[in-house]
Amino acid sequence: MCGIVGAVADRDVVPILVEGLRRLEYRGYDSAGVAVLNATGEIDRVRSMGKVATLAEAMGDTLHGKTGIAHTRWATHGVPSESNAHPHVCRDIVSVVHNGIIENHDQLREAQTQTGHKFTSQTDTEVVVHQVYDYHVDKGKDLLEAVRATVADLEGAYALGVISSREEGRLVTARRGSPLVIGVGIGEHFIASDVAALLPVTQRFIFLEEGDIADIRRDSLVIYDAEGNEVQRPIKESELSADAVDRGKYRHYMLKEIYEQPQAIADTLEGRISSGRVLEQAFGSEAGKIFDAVQGVHIIACGTSYHAGLIGAYWLESIVGIPCSVEVASEFRYRKPVVRKHSLIVTLSQSGETADTLAGLQEAKRLGFGHSLSICNVPESSLVRESDLVLLTRAGPEIGVASTKAFTTQLVALLLLVITLGRRNGLTAEVESRMVSELEKLPGQIDKVLRLDEAIKEIAEQFADKNNALFLGRGAQYPVAMEGALKLKEISYIHAEAYPAGELKHGPLALVDENMPIIAVAPNNELLEKLKSNLQEVRARGGELLVFADAHAEMQQGEGTQVLNVAPVDDLISPIVYTVPLQLLSYYVAVLKGTDVDQPRNLAKSVTVE
């Protein structure tokens, strides 16, 4: 989603703004822009379509200033175009960058048109810059008061950065529903959509809370809460280094993040298991009391996280023996779910800022479902702050839009939850110890899968000219197939669908021919023989099969059937392990097709608007 960077310093901030935008490219965008107050106090602005590199080229060495704002835009209102790109400027006095959606923009636009404002874009954001101008210039309010009055008129979600040519060295920011952090330097301050943008200039951050407005100058920072009271927000020291978001030796962030999974899983487990037992305090100081009352689980998530939730539901019902429902967050918030008392609401999100998931949690709390647990990768995110319990996945920065390590660490976190709830529902210490042992083996098991890299790279060549693909799995492997199909379509733009293998005869077999590759995951479990029968149905109709199979599964390779053996693995952790070869397959297919692997078209990393 859109990315914001801003700075007030006693040095030229343009290089800081541009580097910040580069570090936010992973969020997804179609245009970018920078606005600064130049040496004479006037607003200079450059905007361009496409990549940040295109913006930097358009700027050349012409833009300089000590106060500025910058933005990468992901189109919501208005097509991708230079005129719709941020920052927006009103009458060369006020400039604004915005992440979010202003829901009452039509009404504001009509009123502003009647008072003489000329609109140069199709965006909802432009009403914000005009509104600030009216309060600031026409009504004589200083920039802080003008922004405060403006946000009172806005309906929807926003993170704002605002500068004025009449108040050099001042930056006002506000947030409601969209994330924003303040970077604290020495005699300088910065703002950004997330910490990754500012790591080269500071390790100290303040995370604004809902409704906060901040008045930022070089050597001072004052924050006001939603009621207008001056407040102190804690400064957090980031543990991330500036090179934590570099690609290193890898061609793409996605490949780097696939290979980071063994370490990310080890980090997620660290300090949370001991002597064959899960330490439930890892979920929070109140975890024991809350878990004692849980009679069911309700998982709310979007996209890849939704697939993780589906696998979690298999585990919770088969191992713990309590009901679990999984909801697509964007649907849950608008339907009328039946409230189950003593349910644990579990939200899954990489960023912790996904608008639909956050709204789903808020709706569940309003309805009285029960206590909440966030499984998330970002410590100071909105989702974390609004949840009763938290388990951080410790995946580290995930830059590629197509999620990899965030997904597998979510599954690890869900297994920790399964074990913790299981011991309250008949799970013996002996079984728990065995499950913990399998979790501890996971990093090594994934290392073994990564050794299939070259073989998968060769297989990917068979997909270069394909337009469709079918993914199959059974049991907990069906959501793995769903995730594999999502990855392929996300980054290679190949249409892909997933089905439970047993459903083939109920319709999908009609799609099967020699031009439709079928990818199946076949661990050695109680459904293996049934899966083999399902795959024979495919071969009988001329389908080309690619099977990722347990080495002990005795899956036969032959004409039309290619088998890639995966090292034997316990069925408990097999959904995590079998996800990895599907990630590699999707990656190498996308590379062959020449797509933008890390920033696929039309997609954003953090979907912070509805």
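The values are calculated or read from the model by the stated rules, or taken from the named source; none is laboratory data. Just so you know, these numbers come straight off a predicted model, no measurement behind them. Positions of Cβ are backbone-derived with ideal geometry, glycine not excepted, and every protein chain shown enters the neighbour counts. Surface areas here come from the heavy atoms of the whole protein model, side chains and all, with no ligands, DNA or RNA. Shrake-Rupley method; radii C 1.70, N 1.55, O 1.52, S 1.80 Å.
Computed values, structure above
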quantity: Stretchable slack from Lys441 to Glu286, in nm (0.36 nm times residue separation minus alpha-carbon distance); calculated: 52.9 nm
quantity: Solvent-accessible area per residue for the chain (1.4 angstrom probe, square angstrom); calculated: 38 Å²
quantity: Zone of Ser433's modelled label, taken as backbone nitrogen in the stretch 268-284 under 11 Å from a point 7 Å along Cα→Cβ; calculated: 275-277
quantity: R0 of 22 Å, Cβ-Cβ distance Asp12-Thr120: FRET efficiency to nearest 0.05; calculated: 0.20
quantity: Carbon plus sulfur fraction of accessible area for the chain, probe 1.4 Å, in percent; calculated: 47 percent
quantity: Computed lengthening from Glu239 to Glu514, 0.36 nm per intervening residue step minus Cα-Cα distance; calculated: 93.9 nm
quantity: The chain: proportion of alpha-carbon pairs further apart than 30 angstrom, %; calculated: 55 percent
quantity: MRE, 222 nm, helices only [DSSP H, n ≥ 4, -39500 (n - 2.57), over the chain, to nearest 500]; calculated: -10000 deg cm²/dmol
quantity: Label-point separation in nm, Glu461 to Val79, each point 7 Å along Cα→Cβ; calculated: 4.1 nm
quantity: Gln295/Ala567 FRET efficiency (R0 41 Å; Cβ-Cβ; nearest 0.05); calculated: 0.60
quantity: At least 20 Å along the helix axis (C-alpha) and Kyte average at least 1.0, DSSP helices within the chain; calculated: 405-422, 574-593
quantity: Bins of 10 Å, starting at 0 and running to the largest distance - Cα pair percent for the stretch 239-357; calculated: 11, 30, 37, 18, 5, 0
quantity: Rg/Rh for the stretch 2-109, where both radii come from Cα atoms and Rh is the Kirkwood radius; calculated: 0.96
quantity: Size of charge dipole - the chain - debye, nearest 20, with Cβ of Lys, Arg +1 and Asp, Glu -1, no other charges; calculated: 440 debye
quantity: For a label point 7 Å along the Cα-to-beta-carbon line of Arg217, residues of the stretch 146-174 with backbone N under 19 Å; calculated: 146-148, 162-174
quantity: Burial ranking of peptide ranges 568-576, 307-315, 190-198, 272-280 (average Cβ count within 10 Å, highest at the top); calculated: 190-198, 307-315, 568-576, 272-280
quantity: Rg ratio (alpha-carbon, reference 2.2 N^0.38 Å) - the stretch 182-232; calculated: 1.13
quantity: Solution diffusion estimate, µm²/s, Stokes-Einstein, the stretch 372-524, Kirkwood Rh from C-alpha pairs, 25 °C, viscosity 0.890 mPa s; calculated: 135 µm²/s
quantity: Rough spin-label spacing in nm, given labels placed 7 Å along Cα→Cβ, for Arg601 and Tyr493; calculated: 0.3 nm
quantity: Too-long pairs where the Cα-Cα distance tops 28 Å, listed order kept, from Lys66/Lys249; Lys51/Lys405; Lys236/Lys341; calculated: Lys66/Lys249; Lys236/Lys341
quantity: Contour minus Cα-Cα distance for Tyr250 and Glu110 (0.36 nm per residue); calculated: 45.4 nm
quantity: Test item: Cα-centred dipole of the stretch 24-123, Lys/Arg +1 and Asp/Glu -1 on Cβ, debye; calculated: 80 debye
